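One structure is given below, encoded as structure tokens.
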């Protein structure tokens, strides 16, 4: 499911009028603890953006100067149904979000995008973790330094080891017989059998390579039934 701008944008944003004065807007920024806001016309359409930078440039000007004369009128606005990944490619710190009629309905900032990315990443990781834990075979994965970062529920059951006790530890020190250090070094896959506590297991080991970069290695194992 794609995440849309309307799902992560800030709502209830302060909207300025172009006839408001420097003095009025400065006080609004102080009261709201914000550093910028969109400027809309009487129909709710965005006509500009006014920020603290414009206030700094206004030093020395009469305090009753309308912000219309100082605001940025070259505004990039985006639709509320735009996918977030597309909005991330627009090199602007804050973007007015408009509906089909061009009326402003929200405000998208880099903070909103960062929060959306982290939330999506967290949900993806949680979903992947559930899938791994539901696997019918044991899974053990390591990072490029040979430290264990995945040991799923089936692996715990098969080897009678609590994942919390080994996550972050060296696979070479804990399970030297696996030879996963060799998988990292040679970047080659290997399959075969191993014996753990006098029980025979079938095992497959593969390096994890993304865009030519070594990200770690993963082993998948299951008990060989007699």
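No value in this document is a laboratory result; all are computed from the given coordinates. Source: prediction; values computed, not measured. Counting neighbours? That spans all protein chains shown, and the Cβs are built from the backbone with ideal geometry, glycine included.
Brief remarks follow.
- Going through (1) under 24 Å from residue 134 (Cβ atoms); (2) in contact (Cβ under 8 Å) with a residue 40 or more places away in the chain one by one, residue 214 falls short only on (1).
- Looking across segment 138-153, the residues that are outside any loop (DSSP other than H, G, I, E, B) and without any contact (Cβ under 8 Å) to a residue 60 or more places away in the chain come down to 147, 148, 151, 153.
- Top-ranked residue in segment 1-35 [being surrounded by fewer than 20 Cβ atoms within 10 Å (Cβ to Cβ) and in a strand (DSSP E or B); ranked as nearest to the chain's Cα centre (by Cα)]: 4
- Scan segment 62-75 for residues that are surrounded by fewer than 13 Cβ atoms within 10 Å (Cβ to Cβ) and either closer than 21 Å to residue 41 by Cα or under 19 Å from the mean Cα position of the chain (by Cα) (or both) and the total you get is 4.
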